[in-house]
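Each value in this text was obtained by applying a stated rule to the coordinates, not by laboratory testing. All values reported here derive from a predicted model rather than from experimental measurement. All Cβ positions, even for glycine, are placed from backbone atoms using ideal geometry, and neighbour counts span all protein chains on display.
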Amino acid sequence: MKKHLKMVFMLFLFISFSTCQLAFAQQARITGKITDAETGEGIPGVSILISGTTTGVVTDLDGTYSIEASPSDVLRISFIGFTTVEEEVGNRTVIDVALSENVQALNEVVVVGYGTQEKKEITSAVTSVKSEDFNQGTVNDPTQLLQGKVAGLNIARPGGNPNSGFNVRLRGISSIGENASPLVVIDGVIGASLSTVDPNDIESMDVLKDGSAAAIYGTRGSAGVILVTTKKGKKGRSVVDFNSSVAIQNVARTISVMNAEEYKAIPNSRDLGGSTDWMDEVTDTGLSFINNLSLGGGNETTSYRVSINSRNVDGVGINSGFDQLNARLSLTQRALNDKATFTVNISNTSVDRQFGNENSFRYAIISNPTLPVLDPNPQSPDFGGYSERDIFDWFNPVSIAEQNIADGRDNSLIASIRGEYNFSSKFSGALFYSKQRETEWRGSYSPKTAKFGGGFGRNGLATIQNNERLNDLFEATLNYYETFGKTNFAFLAGYSYQEFFNQGDYTQAGNFLTDAFTYDNIGAALDFANGLATVSSYANSNKLVAFFGRANFNLDDTYLLSLSARYEGSTRFGANNKWGLFPAISAGVNIANLVDISGVSQMKFRASYGRTGTQPGESYLSLLRFGRQGNFFYNNQFVPSYGPVSNANPDLSWETKDEFDIGLDFVILNNKLDGSIDYYNRVTTGMILPINVPVPPNLFPTTQLNIGEMSNSGLEVMLNYKAIQNANFTWSTGVNFSTLKTNLRSLSAGDLSFGEVNYRSNFGSPGQNLTQLIRIQENGPLGQIWGPIQVGVSDDGSPIMKVIDGTAEDENGNPVYCNCNDDRTQLGTAYPTLNFGFNNSLRYKNWDLNFFFRGSFGHYLINSYRGFYENTESTTVQNWNIVNTKYFDPNITKAEYNSTHVEKADFVVLDNATLGYNFKIQPGKAVSRVRAYVSVQNPFMFTGYTGVDPEVRYGDSESNNDPLAPGIERRATYFTTTITTFGLNLSF
């Protein structure tokens, strides 16, 4: 299938470029004058373009112009700060136009919860990103479209694994217990999965950042809300768009290790007779093909858009990548004399995945470079012909990648229908229903010859896992609008009912007669007959019911007020706390309407407060539950036994986040500069955490409780500047940055405590299992990286650690390092204090160029590779390779984690640079637009960090992404990649 798609792509590319010929229609000279509608004076420098081409002129000092055009041409007349006008030439030879002032930056329509508003009326912190501002290049996850575009929204994916998702955090960590990522709403479907929409089908993404904007979503709004609006058909002729690209992916960053010659020069190293570049052996050039075809159009009563997208992506890791097919239909029908509007959206996504194995990268870094890939000794145990060594924590990385199978299949279906009826020009009602179904299938097999993965020890090992998630949403809303003099009122009232159901099963079994079945015939495993197979299943459900409302007031476009509330109940809460109220209030004043300030077109000051919540991440946590606890022997047979797996807590409630925000939106410098500034402070209380409790009287040693308090605060700035705007050349630039400060105020509630001081995440094997890395401290910053400070190297090669407390003494009474937390300290923090994005868009005649930088500052990372392998300890030298960064000291002969392994991870990366060329197409041709482009992602990065990727780690990958243990780069990080894309955009 993939080969056929590649051939179709190349053939289409050849035909498209070969048949793009220009034609010229009969032209005449058109003259005219462009004036200011308010003053009547001519406007110099106005751009007059023939629509769909790059042919154009600018007006002179008096506002007059002259241009050659055909009767069928449309003149596009634009000037910064004024409304753009399009005029069809027809039989005219003189076309005069009066332009009206337009403050576009604050007049654009922004999607908010359950509706839209003009940006000038919004009194909360909301950022809208339109499709023309999205990140470009090869974007396979819709989240990437926003990366670095929104101040305060941090999107990170360490490494370049094509099957890994992104960590999304808005204004830092909203919760250390549950649901740390923003809520996603797609075309009104709450909690929808971004996997159901292709990046090419998205029209805009609006981010509700503060509590007042997100409070309308109640118990799911604490981490913010991302509203996704997909593309719809438009009135007019049918338009066909075809976008196709091929992307080449290569390794960008790994970590420096010794080659065979450098390694053999180290005393006591073990030469195994070969010379192998293990990193090269487990990687390859990734080749990806992406195709998007859409058809859209409509008339007075019906509009439609249908699209199909295919993505065939190979990762740089052996046997990693995915094939994805996505289809979407959007249909809007007006009826009953245009009083009723019905909208249907249906999308389906199917993804076939090859996961590869990130451990192949881990062992490629640490493998002895003198070991050959294949075993030259025919008498060795049968590991499939691969070299293997009988030592601790080492496996042949090529064998891991090539012998083990790890496949998956994801299917997502989302369908919705919305019916709206306008009872009058002021009063309307709507009903909305959606259904979402997601299934995940995972199949893996480790053959008899695979040392890694369990196949060798289990005579072949197969695993199959299925998960299914269903949710149904029904909502009813009423809208009423009223005007009294200069005051406008808008009221919203609604009801929401959402039901979720989840189920799945897991089967693992080994001991196969042959490897030929892999996971496709798991019933052939002899483990079933021997009672050694593992089989389990689950099912759970929950419901959310809510009543909500909002009132907006606008007095003379100057004084603005918004009030909202959501009263919501969840079956996941305890019996005594089923319902919660989430209110919000925000207000604003348009200063520019009160004070005449030179060069200021709009300036709005706003302030807001909102309360949002977070519900438990699982169902039934508030109940006393029993689960399987092994077997007991009864009546000559083994009988399954059951015991408690959770304690009852009828008071279990939602986490509560109270947030204050003050902001300033502005358009200044004669409409050339617009932006916003926000300062926020939020406090999260009643975090849902498992707390140790005594047994008895409790039946289980931990109970889910609402406990603790955390605060976040920061400054956010977004600026957009139209530096140059003329007919032949335009340049727009934008910058955003945000600061962040966190404080873990408390982890206690009454007599119970998570611990005033707690430690998380051990360093691990070999030899450092008891080394704690992250400190959790009441009234301290979140993400404290903890450890000893190295101050020198002893004569025997051991690191000398700083004595901090001095309570430990030697036999002479001198203070010595205690190898305990008394002599350890904070070595850095895991979260950045500053994030920024810097975007530039330029156009010169037929050329367009966009480049975007992104960076993070102030965060630190624990470089695990260096902590284990950057030394000449005999265990390291005899078993593994040696990490060889700028910090390597051959005098250190003992692997011991300390301050030298904690690195400042500041970075600036060129996320994307895209250069495009628009071919001249005259009106009347079948092809109305042809654009070719080349794009490069992550071509270079500025950083002093020596690990694989300096991206922020929001949780520990070896502890289920524990949010209380950020800042650790573990040893199984997929290498980062550079992607070069060649693409073609066609419109018909």
* Asked: Around residue 860, which amide H atoms from residues at least 5 apart in sequence, or from another chain, sit under 5 Å from its own amide H, with H modelled in the peptide plane?
  -> 829, 830, 831, 905
* **Set 426/486; 149/604; 339/543; 120/845; 235/426; 657/904 screened for pairs whose C-alpha atoms are more than 28 Å apart** => 339/543; 120/845; 657/904
* Structure fact -> The farthest towards the positive end of the charge dipole of the stretch 28-102, of the residues 99, 65, 53, given +1 on Cβ of Lys and Arg and -1 on Cβ of Asp and Glu, is 53
* Work out from phi, with θ = phi - 60° and the Karplus expression 6.51 cos²θ - 1.76 cosθ + 1.60, the ³J(HN,Hα) of each residue of the stretch 482-492, listed in order in whole Hz, and give x for Gly and Pro. => 8, 10, 10, x, 9, 10, 10, 10, 9, 10, 10
* Structure fact -> Subtracting the Cα-Cα distance of residue 538 and residue 812 from 0.36 nm times their residue separation yields 92.4 nm
* **Sites matching GluC sites (Glu not before Pro) across the stretch 761-869 that sit in DSSP coil, with at most 13 neighbouring C-beta atoms within 10 Å** => 811
* Relative contact order (%) - criterion: Cα under 8 Å, at least six apart; region: the chain -> 12 percent
* Structure fact -> If amide H atoms are modeled at 1.01 Å from N in the peptide plane, then the residues at a separation of 5 or more from residue 646, or on another chain, having amide H under 5 Å from its own are 625
* **Percent antiparallel among DSSP beta bridges (both partners in the chain, rounded to 5)** => 95 percent
* Taking the simple approach of a point 7 Å from Cα along Cα-to-Cβ for both residue 295 and residue 545, what is their distance in nm? -> 4.5 nm
* Neighbourhood net charge (13 Å Cβ-Cβ; Lys/Arg +1, Asp/Glu -1) for residue 308 -> 0
* Using a/c under 1.5 as the rounded threshold, could you call the stretch 105-234 rounded, prolate or oblate? The axes a ≥ b ≥ c are square roots of the C-alpha gyration tensor eigenvalues, and prolate needs a/b larger than b/c, oblate otherwise. => oblate
* Asked: Taking the alpha-carbon centroid of each part, what is the distance from the stretch 436-465 to the stretch 894-927 in angstrom?
  -> 35 Å
* 0 to 90° range, to nearest 10: angle between helix 2-19 axis and the chain longest Cα axis -> 30 degrees
* To do: May I ask for the distance between the Cα centers of the stretch 410-428 and the stretch 628-658, given as a whole number of Å?
  => 43 Å
* Extreme residue, positive dipole direction of the chain, given options 571, 331, 288 (C-beta unit charges) -> 331
* Structure fact -> Summing +1 per Lys or Arg and -1 per Asp or Glu among the other residues with Cβ less than 14 Å from residue 692's Cβ gives -2
* Cα gyration tensor, the stretch 823-903 - rounded (a/c under 1.5), prolate or oblate -> oblate
* the stretch 28-102, relative contact order in percent, only Cα pairs under 8 angstrom and at least six apart counted -> 36 percent
* Asked: Which net charge results for the neighbourhood of residue 430, defined as the other residues with beta-carbon distances under 11 angstrom from its beta-carbon, given Lys and Arg at +1 and Asp and Glu at -1?
  -> -1
* Structure fact -> Long-range amide H partners of residue 882, meaning residues 5 or more apart or on another chain whose placed amide H is closer than 5 Å, are 258
* **Highest-first arrangement of 224-231, 549-556, 457-464, where packing means the average Cβ count within 10 Å** => 224-231, 457-464, 549-556
* Quick one: grab the alpha carbon gyration tensor of the stretch 147-193, order the square roots of its eigenvalues as a ≥ b ≥ c, and give me rounded if a/c is under 1.5, else prolate or oblate depending on whether a/b is larger than b/c. => rounded
* To do: Take every Cα pair under 8 Å in the stretch 105-234 that's 6+ residues apart, average their separations, divide by the length, and report that relative contact order as a whole percent.
  => 27 percent
* **Computed [θ] at 222 nm, helices only, for the chain once each DSSP H run of length n ≥ 4 contributes -39500 (n - 2.57)** => -1500 deg cm²/dmol
* Taking the highest mean first, how do the peptides 38-46, 472-480 order by number of other beta carbon atoms within 10 angstrom per residue? -> 472-480, 38-46
* Using θ = phi - 60° and the Karplus form 6.51 cos²θ - 1.76 cosθ + 1.60, what ³J(HN,Hα) does each residue of the stretch 938-947 get, whole Hz, x for Gly and Pro? -> 6, x, 7, 9, 9, 6, x, 6, 9, x
* Asked: Which whole-angstrom value gives the distance between the alpha carbon centres of the stretch 329-396 and the stretch 729-799?
  -> 31 Å
* Asked: From the phi of every residue in the stretch 882-899, what ³J(HN,Hα) in whole Hz does the Karplus formula 6.51 cos²θ - 1.76 cosθ + 1.60 yield, where θ is phi - 60° and glycine or proline is x?
  -> 10, 5, 10, 8, 5, 8, 4, 10, x, 6, 7, 10, 9, 7, 8, 4, 7, 4
* Select one label from (i) 107, 66, 63; (ii) 141, 62, 56; (iii) 96, 66, 65: the one whose number is Cα extents along the principal axes in Å as derived from the coordinates shown. => (iii)
